[in-house]
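The values are calculated or read from the model by the stated rules, or taken from the named source; none is laboratory data. Every value quoted in this text rests on a predicted model; they were computed, and no experiment measured them. So basically every Cβ, Gly included, is an ideal-geometry build from the backbone, and we count neighbours across all protein chains shown.
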Amino acid sequence: MPDGRLLNANHEGSLRFWDLATGEVLQKVELLGHAWNMAVTPDGTVAVVGTGQGNQWVELLVMDLKTGRTMARLKGHGLALNKLALSHDGEWLATCGHNEPTKLWSIGAVVREAAWTKTRTWGIGFAPDNNLLALGGPGILRLVDPTTGLTRAEHKTKQIVHMLGFSRDGRTLVALDQPRAWDRNVAGEVLVWHIDSPAPRVIDDSRGFSAIAISPDGRTLALGGRQIDSPGEFELWDSDGTAPRVKLGTHNQIVISTCFSPDGRVLATGSGQALTAANEIKLWDVERAQELRVLDVHQGQVLCLVFSRDGRFLAGGGGDNVVRLWDVASGAALGTLRGHAELISSVAFASDGPRVISASYDKTLRIWNIETQQQVGRFNHETILRGMTLSPDGRTIAVSSSQSGKGGELQLWRIKEPMATILVD
């Protein structure tokens, strides 16, 4: 390697870094199977190791050689991985399996940058022009320049900001301020921040709120309440926050997640109460203020919802550790993406194809092909992932994490190329 270290992968199922001057083993990484093949990028920063068990290929392990961290675990071949080779610029990886097509991988697709700010962050969202990142956490709502990490503006809050969103023009930000990130039993207040204003307007309704969303045109707020006599009530407000415009209806439990379709015509709402399976997702006609349909329920809290960029599909994640997919027009369930070991905190649709990105408390960020319903990428983190958002141009993933007693961290993952594999004839 360029820095004078020797990297060795072996059939014992480990990856070792050696100091060539002293012969000392500097680091040892355990692998899921035997190491069959290995390649290192020309700059010596990334290694790709192909592993397997018997004649079955297990995975491609992508490692950051500067830190020793596992950047990704990729799957795609079924049988033995015969050869792998990296392009000279380190961007593309070619692999060939036994009696299988050769595949090209955009191995430089996602590059995790060093965290440029340390904060306990739960709410996170990009402005539509990608030039502003909103961060919410204990006692703070902050607007940050994502290219420099410098704070442009901030507002001190009473509790914890963990849900937020921008209007399509980027001029209005709404945020939900609550006592604890996942405590849905204490009243919260809504902050409406017109970005040109020095501070947000506070909607302090005595009933409290449990979920918020702002329509793409910035004219309508969707607010879920936590009334004692009607905990699942949901309303539409004018964006100035002066008063409710119309009551949509109710859920069987407190509404804890919501989002507008890209055209603003459909609203999705999800309910949830801890330790109960009676949770549901509803679709609403915003203009008519009518319920369209009820979707199959999650066996746990519905913690996050997102429409695809064309509005055709809806993805939801929650306390049952899976991502579920639906067809919006028909309400038909399209599939269930399984693999996470803990609750799903965030979901997003990629902009470059039929892919969903999910973040979880199991400390992983996973990428799924929704056509095959297979996991095509996995990125590991050191602590639980509380929030994740994809920039409007689809080129940056912002991930917030934290762990009890250890504070939090915010990282940006730059997407260089479409996250795809290409079959070579």
Check: Listed residues Ser346, Ser400, Ser358; which is in contact with a Lys or Arg (Cβ under 6 Å, 6 or more places away or on another chain) and either under 23 Å from Asp145 (Cα atoms) or not assigned by TED's automatic domain parsing to the domain that holds Leu135 (or both)?
Finding: Ser400
Next item on the list: Examine segment 116-124 for a residue that is basic (Lys, Arg) and either modelled with pLDDT of 85 or more or within 20 Å of the chain's Cα centre (by Cα) (or both), and state whether such a residue exists.
Entry: yes
Check: Within segment 179-201, is there a residue that is under 16 Å from Ser271 (Cα atoms) and modelled with pLDDT of 75 or more?
Finding: no
Checklist line | Test result for Gly387, in a strand (DSSP E or B), surrounded by 21 or more Cβ atoms within 10 Å (Cβ to Cβ) and at pLDDT 80 or above | finding: yes
Notebook entry, point to check: So Leu303 fits all but one of (1) among the hydrophobic types (A, V, I, L, M, F, W, C); (2) in a strand (DSSP E or B); (3) within 24 Å of Ala72 (Cα to Cα); what number is the exception?
Noted result: (3)
Next item on the list: Being surrounded by 15 or more Cβ atoms within 10 Å (Cβ to Cβ) and either among the acidic types (Asp, Glu) or outside any strand (DSSP E or B) (or both) is the filter; apply it to segment 125-142 and report the residue that is modelled with the lowest pLDDT.
Entry: Asn130
Check: Is there a residue being touching an Asp or Glu at 6+ places or on another chain (Cβ under 7 Å), surrounded by fewer than 24 Cβ atoms within 10 Å (Cβ to Cβ), free of Cβ contacts under 8 Å to residues at least 24 places away in the same chain and under 19 Å from Ile344 (Cα atoms) anywhere in segment 277-288?
Finding: no
Item checked: Subset of segment 357-383 (residues that are under 20 Å from Asp320 (Cα atoms) and of a type in the set (Ser, Thr, Tyr)) -> Ser358, Ser360, Tyr361, Thr364, Thr383
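Rundown of residues vs (1) of a type in the set (S, T, N, Q); (2) farther than 17 Å from Ala268 by Cα; (3) crowded, with 21+ Cβ neighbours inside 10 Å, yes/no style:
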site	(1), (2), (3)
Ala332	no, no, no
Thr336	yes, yes, no
Leu343	no, yes, no
Ile357	no, yes, yes
Asp362	no, yes, no
Gln374	yes, yes, no
Next item on the list: Answer yes or no: is there a residue in segment 249-261 that is at pLDDT 90 or above and among the aliphatic types (A, V, I, L, M).
Entry: no
Item checked: Out of Ile384, Ile370, Ile357, sole residue that is among the aliphatic types (A, V, I, L, M) and closer than 20 Å to Asp296 by Cα -> Ile370
Next item on the list: Of the conditions (1) at pLDDT below 80; (2) not in a loop (DSSP other than H, G, I, E, B), Glu100 clears all except one; give me its number.
Entry: (2)
Checklist line | When residues of segment 321-350 are limited to those that are in a strand (DSSP E or B) and among the β-branched types (Val, Ile, Thr), the one farthest from the chain's Cα centre (by Cα) | finding: Thr336
Next item on the list: Just name the residue that is nearest to the chain's Cα centre (by Cα) out of those in segment 202-233 that are at pLDDT below 85, in a strand (DSSP E or B) and under 23 Å from Gly125 (Cα atoms).
Entry: Ser210
Margin query: Suppose we filter segment 143-162 for residues that are within 22 Å of Arg395 (Cα to Cα) and buried (at least 16 other Cβ atoms within 10 Å of the Cβ); how many remain?
Written below: 3
Check: Restricting attention to segment 390-410, and to residues there that are buried (at least 19 other Cβ atoms within 10 Å of the Cβ) and among the polar types (S, T, N, Q), which single residue is modelled with the lowest pLDDT?
Finding: Ser402
Next item on the list: Just give me the residues in segment 237-254 being outside any strand (DSSP E or B), of a type in the set (S, T, N, Q) and surrounded by 14 or more Cβ atoms within 10 Å (Cβ to Cβ), in sequence order.
Entry: Ser239, Asn252, Gln253
